[in-house]
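The values are calculated or read from the model by the stated rules, or taken from the named source; none is laboratory data. Note that this is a predicted model, so its numbers are computed, not measured. Virtual Cβ from ideal backbone geometry, glycine too; neighbours counted across all protein chains shown. The accessibility values were calculated without ligands, DNA or RNA, using every heavy atom of the protein model including side chains. Shrake-Rupley method; radii C 1.70, N 1.55, O 1.52, S 1.80 Å.
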Amino acid sequence: MTHRNVYCIGRNYALHAKELGNEVPTSPMAFLKPTHALVPLEGTIAMPAGVGEVHHEAEIVLRVSKAYTPGASVDELVDAFTLGLDFTLRDVQSELKKKGHPWLAAKGFLNSGPICGWMPFPGAEAAANAAFELRKNGETTQRGFARDMIFSFQELVDFLGVHYGLGEGDVIFTGTPAGVSAVADGDKLELLWDGRTIGACEIAMK
Ligand code: ZN
């Protein structure tokens, strides 16, 4: 399946919004990454050096399998899911926020959205109640549950479908829980779903 649009949701976990000093939003805050950001989460992944902190944001990623129609449930629309990293140039993002500029430079760079392999979507309820986790060099840095999201999977597909459109091959990064931090050259990152490792990579700052 070709990936068409890569939607991302910002500030969808209250504790993460807080850790960055942001207000909790009253409607989903959506942005896009270019499809070129989406790469397999495996092997060595190059991240830009010399542009300040590069933060990992571990997220549940949904894959849409058919066109959105109002009233459709997320379980009908989403056929697969996985975990991914919404890499963010945090210092660049702070500058962009100050200037009121779009986030592309901070969120849309090459390799900024690596994802693990697709798994069959178990349904919104089951997916919301399993732990997802990021380990950096063997230590847990992020661990969350989608049930703690401010906007549920259903609210996200409704919002995106109504305002921007959702169709086969679209991908949604659903937001990150607390615990984001900067990566360094040689860091080993591992993503776990429900206690099982589903992807790993090493960071190369270039
Ligand atoms: Zn994110």
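Identify, from the list 41, 62, 77, 83, the residue that is in contact (Cβ under 8 Å) with a residue 40 or more places away in the chain and more than 16 Å from residue 153 (Cβ to Cβ).
Exactly one residue qualifies, and that residue is 41.
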Checklist outcome for this item: Among residues of segment 88-108 being within 14 Å of the ligand (Cβ to nearest atom) and part of a loop (DSSP other than H, G, I, E, B), the residue farthest from the chain's Cα centre (by Cα) is 103
Next on the checklist: Filter segment 1-56 down to the residues that are surrounded by fewer than 16 Cβ atoms within 10 Å (Cβ to Cβ) and polar (S, T, N, Q) and list them by number.
Outcome noted: 2, 22, 26, 27, 35, 44
Checklist entry - Can you pull out the residues in segment 109-126 that are assigned to a helix (DSSP H, G or I) and open to solvent by 60 Å² or more (accessible area, probe 1.4 Å)? => result 125
Checklist entry - List the pairs whose first member sits in segment 10-30 and is touching a residue at least 40 places away in the same chain (Cβ under 8 Å) and within 12 Å of residue 176 (Cβ to Cβ), whose second member is open to solvent by less than 50 Å² (accessible area, probe 1.4 Å) and among the aromatic types (Phe, Trp, Tyr), and whose Cβ atoms are under 7 Å apart, counting only residues at least 6 apart or on separate chains? => result 10/31; 12/151
Next on the checklist: Can you tell me which residue is nearest to the ligand (Cβ to nearest atom) among those in segment 44-78 that are touching a strand residue (DSSP E or B) at 6+ places or on another chain (Cβ under 6 Å) and over 21 Å from residue 10 (Cβ atoms)?
Outcome noted: 45
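Among strands (runs of 3 or more DSSP E) lying entirely in segment 127-206, which contain 3 or more residues that are open to solvent by less than 20 Å² (accessible area, probe 1.4 Å) and within 24 Å of residue 34 (Cβ to Cβ)?
171-173, 196-205
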